[in-house]
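Reading through the structure tokens given below for one structure.
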Amino acid sequence: MPGTQSIVFNPTVVAALAAVFVGTAALWSNPGRRINQIFFSASLHVATWLWFLHLAVNDPNHGLTWLRVTTAVGAFLPLHLWLMKESIVSGDERPAHVLRRSRWWLLAGTLLAVLTFTDWFIPGRVTHQAAEKQVYGWGYYAYTVGIVGLYAALSREAVFQMRRIRGVGRLELQIVLLGGSSTVAAVLLLMVLRAVLGLPLLVKLVQPLVILAFYTGLVIAITTHRIFDARQILKVGLQKVTLVALVAALAYVADLVFQTILPEPFAFVGTTALALWFAALLNGWLNRIFQFYPQDSAVRQAAYAVARREVRVDSLESSYLTVLKGWGHTDTAVMISGGTGPLKGGGIELPEGCSIIRTLRQIRWATPERLAREKRTPERVELAKFLADHNLGVVVIGEGPTLTVIVGVGVSASRQPFTYPQVTQLMELASIIENALERAHFSVKAQRAEQLATVGLLGASLAHEIRNPLVSIKAFVQLLPQHYQDPAFREKFFRLIGDEVTRIDRLTEQLLDLASPRVYSAQMVELHPVLRSSLELVAAKAVDKHIPFLTDFQAIPDRVHTDPAAARQVLLNLCFNAIQAVETHPGERWVKVSTRNVDKGVEVCLEDSGPGIAPEIRPRLFQPFQSTKSSGFGLGLAICSDILAGLDATISVDPSQPGRGATFRIVFPCQA
């Protein structure tokens, strides 16, 4: 039992088992992919080498023999790394062709392996105990030089091939080169330290852990669906090593100082607190120095700026497509959105519940490289075809309570694949885009509801307005047979009929224009006629409530850059609010609309004699769901603010004053 425990908990054995495990996991993740197959065979190779290393270190009777076997097995590791490199470079090339080109690597490994069984490597008279004291022949050093030469040649070949390939193969070669070079350098350094310092524990404990770390990182980086950039991995590694080293040094010095002036428990607490504070401070500083993702904060700020600036759905989509193209350095970007029905956008329509949407909802994001690394299924094959048909390098999905948005970015100009850190950036962008579009869609629906509510309020007023000319027309029609021969009567009759019909036609056109959904488009218009036509729509309601409407149009000139329907919608909303505020207020009742010229615009001021606006409501007056009325949702002023913002106009309310009603001021620009 003690022997069994020593084997199980030996770091070399653990590393060997871990190598077999990660290799098996790589093969299981995608058995049909060549690189995964080679990783599996290389993992068995490394596990075999580690097992013989364990026997060489722990078998006192045959340790020297196992040492020769270990170094012989290690002589073929460069061949396996070369096969791994070729599988990345050549892709689906036939294995026979690859093996034919590997003959020189096989020959070099065979020569080095044979050398390990000669007296030139370790003299035959040397015992295992003597070998532990580093009694080696010249062949041992020749073997070391040969291994270093093979790895150097492998690195040189990989560097030259990286210049000729693009895409994910380039990134994978960088990772293999970085990981392989780092591991070989660490192993050789440990061998040198062991030979110089005589520390066998470096081989027994540290070397297996280095191999384990290399294999775990390499397999994760190349076989997982997440794509990584070797330079980013190197920068992150350097940052973490620097952070740990500096914090450890500070903690060591601080502990020495605190122990001289404080009791041990307080010294420990002080050292821990200082180390944690320094680690947090240093981590932020190192992040700025290394600049891991310099474009991350810039694109996030650009996305938030678009969300604040644009209020219309089409403007939002156009602006976000520009942001996405700049972020991905590409000319292609798509946004497909929708609610309960099909998703549409960019000339693409995806039916609700189709396999592409289902797969994206399951995996959340996709790149061609991810789909190639994972197991093939019919759904993922269809998603890969969708990406290829639209030349997309990455696609993510964002879902809200009522809206689903699929964001896709085309293949970059450099043909480099999107790495996982970039995918996380795009997922964050998709969340921002989904929130902004959902708000814009909600604003459109609320605006539509507010328009219909305004039309409902106008119903009674228009009934009075239309009934008056109809009564006049009816009276003249009844008198016409008796006075037909009277020329003055006939002239007056024809003039009145034309005027009254024109009045009815104008009222109905304004009502239909107000009720119909539309996208506002600013143009140069004269403001006063727009205001007068709007007041005609509410005049009857004001008369019915015995509320006089006063006007004082002083703006000369009155030409502004706005949309007449938008200006009418805003003014009607404010007028109806004023009528509702004044009709329940005791005392004098009136509403006044005035205009004046201001810097680069025309100001429309709407005042009333109502109770005014409570000070606690005023700061959030133009936010949704803010209302002092018993009916309604409090969306009117928020919609007015959004409409005017889309037309570069502004709306504000004067501070409350005792004995004075509400005063709203709208400034329309005079130029585009």
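The values are calculated or read from the model by the stated rules, or taken from the named source; none is laboratory data. Quick caveat, the model's predicted, so the values are computed rather than measured. Methodologically, a virtual Cβ is constructed for each residue, glycine included, from the backbone with ideal geometry; neighbour enumeration extends over all protein chains shown.
Side notes on the structure shown:
- Candidate set from region 215-231 (those that are part of a helix (DSSP H, G or I), surrounded by 16 or more Cβ atoms within 10 Å (Cβ to Cβ) and not β-branched (V, I, T)); member that is modelled with the lowest pLDDT: A230
- Pick from region 387-421, criterion out of contact with any helix residue (DSSP H, G or I) (no Cβ under 9 Å at 6 or more places or on another chain) and polar (S, T, N, Q), ranking: nearest to S318 (Cα to Cα): N391
- For region 321-342, filtering for residues that are surrounded by 17 or more Cβ atoms within 10 Å (Cβ to Cβ) and among the charged types (D, E, K, R) leaves 0.
- T340 meets all of the listed conditions (1) assigned by TED's automatic domain parsing to the domain that holds V409; (2) part of a helix (DSSP H, G or I); (3) hydroxyl-bearing (S, T, Y) but one, namely (2).
- Restricting the first member to region 360-376 and to residues that are assigned by TED's automatic domain parsing to the domain that holds G410 and over 12 Å from V396 (Cβ atoms), and the second to residues that are part of a loop (DSSP other than H, G, I, E, B) and hydrophobic (A, V, I, L, M, F, W, C), the beta-carbon pairs closer than 6 Å and six or more apart or on different chains are E369/I227.
- For S355, the criteria (1) under 24 Å from A440 (Cα atoms); (2) touching a residue at least 24 places away in the same chain (Cβ under 8 Å) hold in every case but one, which is (1).
- Long-range neighbours under 6 Å by Cβ, at least six apart or interchain, first residue assigned to a loop (DSSP other than H, G, I, E, B) within region 652-663, second aliphatic (A, V, I, L, M): S656/I613; A662/I613
- Selection status of S652, over 23 Å from V543 (Cα atoms) and modelled with pLDDT of 85 or more: yes
- Flag if E607 is surrounded by fewer than 16 Cβ atoms within 10 Å (Cβ to Cβ) and either modelled with pLDDT under 85 or farther than 30 Å from A440 by Cβ (or both): no
- Qualifying residue in region 627-641 (condition: modelled with pLDDT of 75 or more, assigned by TED's automatic domain parsing to the domain that holds P615 and among the charged types (D, E, K, R)): no
- Criterion violated by I397 - all others in (1) surrounded by 22 or more Cβ atoms within 10 Å (Cβ to Cβ); (2) assigned to a loop (DSSP other than H, G, I, E, B) satisfied: (2)
- Of the residues making up region 268-300, those that are at pLDDT below 85 and either of a type in the set (S, T, Y) or over 21 Å from K235 (Cβ atoms) (or both) are Y293, S297.
- Every residue from region 343-358 that is in a helix (DSSP H, G or I) and crowded, with 20+ Cβ neighbours inside 10 Å: I356, I357
- Contact map, region 377-388: residues that are more than 20 Å from M335 (Cβ to Cβ) paired with residues that are of a type outside the set (A, V, I, L, M, F, W, C), Cβ distance under 7 Å, separation 6+ or inter-chain. Pairs shown: E379/S355; E379/R358; E379/T359; R380/T359; R380/E374; E382/S355; A384/P368.
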